[in-house]
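What follows is one structure encoded as structure tokens, with my remarks underneath.
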Amino acid sequence: MAEKVTVQPKSGLRGEIWPPGDKSISHRSVMISAIAEGMTEIENFLPGQDCIATIRAFENMGVTVEGAGTKSVRVHGVGLDGLKEPGDVLDMGNSGTSMRLISGILAGQPFYSVMTGDGSLRSRPMNRIAEPLRLMGARVYGRKGDLAPLTIVGGGLKPIHYRTPVASAQIKSCILLAGLFADGETVVTEPAESRDHTERMLGSFGADVVSRDLSRRVKGRPRLAGHSVIVPGDISSASYFLVAAILCRDSEVVLRSVGLNPTRAGLLEALEAMGGQVSLENHREESGEPVADLHVRSSQLKGRDFRGDLIVRMLDEIPLLAVAATQAAGETTIRDAAELRVKETDRIAATVSELRRLGAQIEELDDGMIIAGGGGLKGGECTSHGDHRMAMSLAVAGLISETGTTVHDVACVNTSFPGFWDVLSSLYT
Ligand code: S3P
């Protein structure tokens, strides 16, 4: 994969796309099936680097996985007590989901394990999961306190009732997964509802998980049974084409089999509020997740203010929303998004600096940004800061730039969307 890609201005995007399998659900399908009994067949698995890191971690703990690196994966579950002490450090690469969720499972294991990752992951906050896991009785050690490499010596967990300071599916899921290994009921309560894929999937494997308001309860020591899982298309990956079709003149694009879990579909709500024309067809359910086809047409957007719980439902799409906002009539304000500062990169700083380099008028706020609309994105050189979502958002900016845009440091796209550039150019007419 080239380290930089130049995207030329385009109009008339046309085509039909099957976005790759959902990253969050792919991770969970491997983690939960590894500690279930029997075999789980996973279809439309995302063979991106992040999810492969999850597979490798379980292989290193004695789980047999067939088809790693492909879209059809079979996991031979070893049951709640079947994982083996890994013989080496587990490398989670760039994947925060792998490190934070697997920490919950490792906390339940009576053995020693060490997890590391790339420079970005080693700088991301892990105290948010280390603290509740310590309250449950696990020994968790990190560099400078709570940074990876993280060492966990687990086992003998007790259930807790925990209030998370931030709405984060990674924290919630870590605690719920650890709760599987505790005797009794573990409860986690969030300030706003984060994505609920863990709850849905644990339930489908036979765990007793109850959701009420912002609390989730799980009973320890369930019998998890392997079964087949179909992973819906990733709405986060689909979003780049959705926004591209809205912004490029004379475009019409169909996105097939996109997961529309309401805890993930905030971008659709936001685009609708801005005047984006997206229609949903063929609603159905796959493996306990809502799925539909999206038909998208070029639309003129209006600037809007976004804040509050909606931000949690579209957190990964905010750099892309900022790109869309540059083309809207009027100003767009995004607030309550401070969590973006601790993603793969500081996505508030990166979005502001890179869109400004391309000619946007954009102001940085502590917890968001203000974007002037009106079009006029010149284009030029920019960088992803090694962050896949930044790289793909800037590619969309290239499509609507006046002179074309070169995005540097794009190999990171493979963490969540191998084949992104080919899919993008398949829409050119
Ligand atoms: C994810 C949760 C979110 C999201 C990340 C994937 C998950 O992170 O940004 O891309 O799969 O649970 P936080 O839980 O840190 O908000």
Q. Out of segment 152-207, which residues are over 11 Å from V218 (Cα atoms), in a strand (DSSP E or B) and open to solvent by less than 10 Å² (accessible area, probe 1.4 Å)?
A. I152
Q: Just give me the residues in segment 402-428 being open to solvent by less than 10 Å² (accessible area, probe 1.4 Å), in a loop (DSSP other than H, G, I, E, B) and touching a strand residue (DSSP E or B) at 6+ places or on another chain (Cβ under 9 Å), in sequence order.
A: G404, V410, L427
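For segment 155-164, check the following and say yes or no: at least one residue is among the aliphatic types (A, V, I, L, M) and farther than 30 Å from G233 by Cα.
Yes, segment 155-164 contains at least one residue that is among the aliphatic types (A, V, I, L, M) and farther than 30 Å from G233 by Cα.
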Q.
Show me the helices (runs of 4 or more DSSP H) entirely contained within segment 304-359 in which 2 or more residues are open to solvent by 50 Å² or more (accessible area, probe 1.4 Å) and among the aromatic types (F, W, Y).
A. none
Q: Filter segment 360-391 for residues that are polar (S, T, N, Q) and crowded, with 16+ Cβ neighbours inside 10 Å and give the result.
A: T383, S384
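Please specify each residue of segment 64-76 satisfying the condition of being in contact (Cβ under 8 Å) with a residue 24 or more places away in the chain and within 24 Å of the chain's Cα centre (by Cα).
V65, T70, K71, S72, V73, R74, V75
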Q.
Being under 18 Å from G21 (Cβ atoms), among the basic types (K, R) and modelled with pLDDT of 95 or more is the requirement here; does R264 meet it?
A. yes
Q.
Out of everything in segment 312-337 that is within 22 Å of D196 (Cβ to Cβ) and in contact with an Asp or Glu (Cβ under 8 Å, 6 or more places away or on another chain), what residue ends up being farthest from the ligand (Cβ to nearest atom)?
A. D336
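The values are calculated or read from the model by the stated rules, or taken from the named source; none is laboratory data. Owing to the predicted nature of the structure, the values given are computational and were not obtained by experimental measurement. As a convention, Cβ positions derive from the backbone with ideal geometry for all residues, glycine included, and neighbour counts pool all protein chains shown. When the accessible area is computed, the model is the full protein with side chains, heavy atoms only, and any ligands, DNA or RNA have been set aside. Shrake-Rupley method; radii C 1.70, N 1.55, O 1.52, S 1.80 Å.
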